[in-house]
Amino acid sequence: MISRFLVFLPLFVGAALAEQHWEQAFQHYAAEEYERAQRAFERALLEDPENSELNLWVGLAIGRRVQTMSAFRRLGAMPLVARVKRQFERAVELDGSNIDALDALMGFLLDAPGIVGGSKRDARGVAERIQAVSSAHGAYALGIWHEDVGEIEQAGKQFELARERAPDNSSYLVAHAAFLARRGSHAESDELFEAALARDPENPTVWLAAAEAWIGARRDSLYPRARQLAERYLASPDRDPNGMQSFEVRALLKKVAR
């Protein structure tokens, strides 16, 4: 019995170490200490290299780290940017149903320059893979893709379709509302934001989505409310660690300084 136990002991120890590093990494990530988060996620990944979520989070931490670099330092960070893509691809390879990983990969492909692997065409393929996993989230992903490539009518249809397929999900409601705000359809956008705020009044993501849309659309009359929602978001311990970073929210608030 002792010898059989010793065979499995490294697995138990490895799992415990991975969990410890995982917890440390999330603490650093939530504190926006992205290089420390990257290192901690990498230590966890060494203990559990076939973990799709860990591969995703290593990529997310590196991506955030690059985003917070100065423009000069970012010029020399191309190898890090390329690694972000590799980590996302690995996460998807390990679990093709990991929607968060698929989302991250699609976002990278849309936003990154071609020299480091960005590709609108490949992003469309990822959106279709998302659709195979979730019809609602696939419609949302296709809405993002169509808007990014300038196919606005198709984008609107997809955002609306995502809402129809998951009517109780506030994420698709605010995504459609934000899209309408960007297109100048303020009456319809406001109606959807009010519905989301009424349905999910304690959700920091909803607060920030409304604030960002109103400020981005230069809705002067809504600036006081937008400021209140953004400040509430900054003060919330429950905000999404993958949402807008604190410095980005503060920059948003400067646009509506008293």
note: the range 171-217, Cα-Cα separations exceeding 12 Å make up a percent value of 50 percent
The equivalent-ellipsoid semi-axes of the chain, taken as the square roots of five times the Cα gyration tensor eigenvalues and listed largest first in whole Å, are 34, 22, 19
The range 145-199 and the range 205-233 have their Cα centres apart by a whole-number Å value of 16 Å
The relative contact order of the range 118-167, taking Cα pairs under 8 Å that sit 6 or more residues apart, comes to a percentage of 33 percent
If one compares the long axis through the Cα atoms of helix 135-148 with the longest principal axis of the Cα atoms of the chain, the angle in degrees, nearest 10, works out at 70 degrees
Helix 120-133: inclination vs the chain longest Cα principal axis, degrees, rounded to 10, gives 80 degrees
Note: the range 70-193 at 37 °C, 0.692 mPa s; Kirkwood Rh on alpha carbon pairs; Stokes-Einstein D in µm²/s works out to 214 µm²/s
The base-10 log of I(q)/I(0) that the Debye equation returns for the range 118-167 at q = 0.15, 0.29 Å⁻¹, one scatterer per C-alpha, is -0.33, -1.03
Over its alpha-carbon atoms, the range 180-258 yields an Rg and a Dmax in Å of 11.8, 32
Taking Cα atoms, the helix 170-182 axis meets the longest principal axis of the chain at an angle in degrees (rounded to 10) of 50 degrees
Descending packing, highest mean Cβ count within 10 Å first, for 104-110, 182-188 is 104-110, 182-188
If every Lys and Arg gets +1 and every Asp and Glu gets -1 at its Cβ, then about the Cα centre the range 118-167 yields a dipole, in debye to the nearest 20, of 160 debye
Output ordering of 155-165, 211-221 (per-residue mean of other Cβ within 10 Å, highest first) is 155-165, 211-221
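State the three equivalent ellipsoid semi-axes of the range 15-108, derived from the C-alpha gyration tensor as the square roots of 5 times its eigenvalues, in descending order and whole Å.
For the range 15-108, the semi-axes come out at 20, 17, 10 Å.
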Among Glu128, Glu191, Glu53, the residue with the largest mean-square fluctuation in a Gaussian network model of the chain built from Cα contacts under 10 Å is Glu191
When the chain is treated as a Gaussian network with springs between alpha carbons less than 10 Å apart, the largest mean-square fluctuation among Val92, Val149, Val81 is found at Val149
A correct Kirkwood calculation over the Cα atoms of the range 120-258 returns a hydrodynamic radius in Å of 15.5 Å
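No value in this document is a laboratory result; all are computed from the given coordinates. Quick caveat, the model's predicted, so the values are computed rather than measured. With ideal geometry, Cβ positions are generated from the backbone for all residues, glycine too; neighbour counts draw on all protein chains shown.
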